[in-house]
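Asks: Below you will find the structure I want to go over with you.
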Amino acid sequence: MSDPARIPVIVGIGEVVDRPDAPGRGPLGPEPAALMAQALRRADADAGGGFLGRLGSLDVINAVSWPYADLPGRVADLIGYRPPRLAYGPVGGETPVRFLHEAAQRIARGEAEVAAFCSGEAEYSAAAARRDGLRPERDAFPTWTPPDPAWTNPRVRDYLHPQALRHGLSQPVFVYPLYETACQAAWGQTPREGRAESAVLWSAMSRVAAQNSGAWLRRPITPEGIAEPSPGNRPIAWPYHKLMVANPVVNQGAAVIVASLARARAAGLPEHRLVHVGPGAAASEPRDWLSRDAFDHAPAQDAVLAGVLDRAGLAPADLAAIELYSCFPCVPKMARRSLGLPPETVPTLAGGLTFFGAPLNGYMAHAACAMVRRLREASGEAGLLYGQGEFVTKHHALVLASRPLPPCTESASVQDEADRRRGPVPPVAETQAGRAVVETHTVLFDREGTPQKGVVVLRQGGARLLARVPADDHPTLAALTDLDRSPVGLLGTLRQASDGLPEWEIA
């Protein structure tokens, strides 16, 4: 495609971080909509001004820290302009990549001359108020947009299997460890070796975040400081400690403006500041994580990463910069292996969801801003954005470059290829007795670092089921947390507990 009116380029980026210790800041801070509007204004200023009033489309990333009745409308009011297309997205960490891709596609199809997306969360302010025993809508946030009394939490997980819900594995922090444990075993690692790999990787991310003025935690941490439990690094869900998991308790916002190359040139923007948006790819795993073929790989991730590079005509070695989603260590570790990148690869430009901060669905908007800054300094180079949502469920990748790329008009879906790569899915059984072998597992800890229970994913014959390991079953918990031997493949006995849940023990 050579028509400048149909070539999408990123013209402006904007980020906001509202630190509680900032000089002159009041006790409250701005609400999510205000963070979004400020980020959009900064993106407009970065583009030289005049683009917000030309927006044909604005996507607003789902915000969870405040119950809005009409968040897109509130953002439009704050920027003083309502685009012809104003949309609100679903929950998912991949949505910023998807929205950037779709904004570029609208321009490539001639549906808009300028498009944008924005994100913003003020979870730090909301959490601080709740800790103080305040009612946010009345006591703590009198200057914020009135809450919607009919708002429902978008993170309801009623699509999960009843066994997952009964055992409490309905939060990402409890499910991603299942992938970590299964992957370590598949890669031939002991838990100690897997933890060391995670610690080295997360330490490198902390160093990136330390150099990013928009990051929430700006101090480098040694691998030992990440690998070893401590008062500031308590165990959360085996094998992850606090400094290995996403940190959503932040106040951050971001925005990206995309325009046609013709509009960018008409605005007088120099070519070296324009970042081209190329092809993307997207696919999903079954939403119910118990209905997947295995936990040591993700066919949708593999299909997306292979597909996006194939469409862009690139090999992994051609990428000058990458951002691989990093809510938990298993995600970038799986993606690095899928791409065939060397172990020393640092897969972030922003700093990762632990150290940069994880404004719920919005992190990849900040990653996109970091990618644009890098590519503006790297003439002719290409970079990869890869985002993920829910429970290793939704995957979207996109190529950006400081040079023209193949068009982005093709459908993002590579679902057929993801489905082709997927193996047989074991049925979920209700059996509560007999012998069963560990497929993967986690152990949940309280805030003092004491095990609350273990949860094992078991295989019995050709079927899969979940079982609990009680906190007082010390021999079984010791086997599940042995750093020098993977528990995958261990055989044990099922029995039914008094509350009706199956329990499993080594015996």
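Asks: Which of the numbered conditions does Pro342 fail, given that it passes all the others? Conditions: (1) of a type outside the set (A, V, I, L, M, F, W, C); (2) assigned to a loop (DSSP other than H, G, I, E, B); (3) crowded, with 24+ Cβ neighbours inside 10 Å.
Replies: Looking at each condition in turn, Pro342 falls short on (3).
Asks: I'd like to check something: does the stretch 365-385 contain any residue that is out of contact with any Cys (no Cβ under 9 Å at 6 or more places or on another chain), more than 25 Å from His272 (Cβ to Cβ) and open to solvent by less than 10 Å² (accessible area, probe 1.4 Å)? Step through it out loud before you land on a result.
Replies: First, pick out the residues of the stretch 365-385 that are out of contact with any Cys (no Cβ under 9 Å at 6 or more places or on another chain): 366-385.
Among the residues that remain, those that are also more than 25 Å from His272 (Cβ to Cβ) are: none.
Within the stretch 365-385, not a single residue is out of contact with any Cys (no Cβ under 9 Å at 6 or more places or on another chain), more than 25 Å from His272 (Cβ to Cβ) and open to solvent by less than 10 Å² (accessible area, probe 1.4 Å).
Asks: Show me the strands (runs of 3 or more DSSP E) found entirely inside the stretch 427-492 where at least 2 residues are more than 31 Å from the chain's Cα centre (by Cα).
Replies: 434-445
Asks: Looking at Pro220 and the list (1) out of contact with any Pro (no Cβ under 8 Å at 6 or more places or on another chain); (2) open to solvent by less than 20 Å² (accessible area, probe 1.4 Å), which single condition is not satisfied?
Replies: The failed condition is (2).
Asks: Being crowded, with 17+ Cβ neighbours inside 10 Å and of a type in the set (Asp, Glu) is the filter here, so list the residues in the stretch 10-61 that pass it.
Replies: Those that are crowded, with 17+ Cβ neighbours inside 10 Å and of a type in the set (Asp, Glu): Glu15, Asp18, Glu31, Asp44, Asp46, Asp59.
Asks: If I ask for residues that are polar (S, T, N, Q) and in contact (Cβ under 8 Å) with a residue 40 or more places away in the chain, which ones from the stretch 437-485 would you list?
Replies: Hits for the stretch 437-485 are Thr440, Thr442, Thr481.
Asks: Determine the pairs where a residue that is within 24 Å of Leu465 (Cα to Cα), located within the stretch 148-162, has a partner that is open to solvent by 50 Å² or more (accessible area, probe 1.4 Å) with Cβ atoms under 6 Å apart, the partner being 6 or more residues away or on another chain.
Replies: Tyr159/Arg287
Asks: Taking into account only those residues within the stretch 83-108 that are of a type in the set (A, V, I, L, M, F, W, C) and over 18 Å from the mean Cα position of the chain (by Cα), which is surrounded by the fewest Cβ atoms within 10 Å (Cβ to Cβ)?
Replies: Ala87
Asks: Just checking, how many residues over the stretch 66-99 are in a loop (DSSP other than H, G, I, E, B), touching a Gly at 6+ places or on another chain (Cβ under 9 Å) and touching a residue at least 60 places away in the same chain (Cβ under 8 Å)?
Replies: 5
Asks: Something else about it: Kindly list the number of the only condition in (1) open to solvent by less than 50 Å² (accessible area, probe 1.4 Å); (2) in a helix (DSSP H, G or I) that fails for Arg157.
Replies: In the conditions (1) open to solvent by less than 50 Å² (accessible area, probe 1.4 Å); (2) in a helix (DSSP H, G or I), Arg157 misses (2) alone.
Asks: Across the stretch 370-391, what is the number of residues that are farther than 30 Å from Val156 by Cα, in contact (Cβ under 8 Å) with a residue 40 or more places away in the chain and either of a type in the set (A, V, I, L, M) or part of a loop (DSSP other than H, G, I, E, B) (or both)?
Replies: 9
Asks: Kindly indicate whether any position in the stretch 392-408 is part of a strand (DSSP E or B), more than 13 Å from Val304 (Cα to Cα) and touching a residue at least 12 places away in the same chain (Cβ under 8 Å). Give the derivation first.
Replies: Within the stretch 392-408, the first condition is being part of a strand (DSSP E or B), and the residues that meet it are 394-401.
Narrowing the set further to residues that are more than 13 Å from Val304 (Cα to Cα) leaves 400-401.
Checking which are touching a residue at least 12 places away in the same chain (Cβ under 8 Å) leaves us with 400-401.
The answer is yes; a qualifying residue exists.
The values are calculated or read from the model by the stated rules, or taken from the named source; none is laboratory data. Every value quoted in this text rests on a predicted model; they were computed, and no experiment measured them. Neighbour counts are summed over all protein chains in view; Cβ atoms, including those assigned to glycine, are modelled from backbone coordinates with ideal geometry. Calculation scope for accessible area: heavy atoms of the full protein, side chains included, ligands and nucleic acids excluded. Shrake-Rupley method; radii C 1.70, N 1.55, O 1.52, S 1.80 Å.
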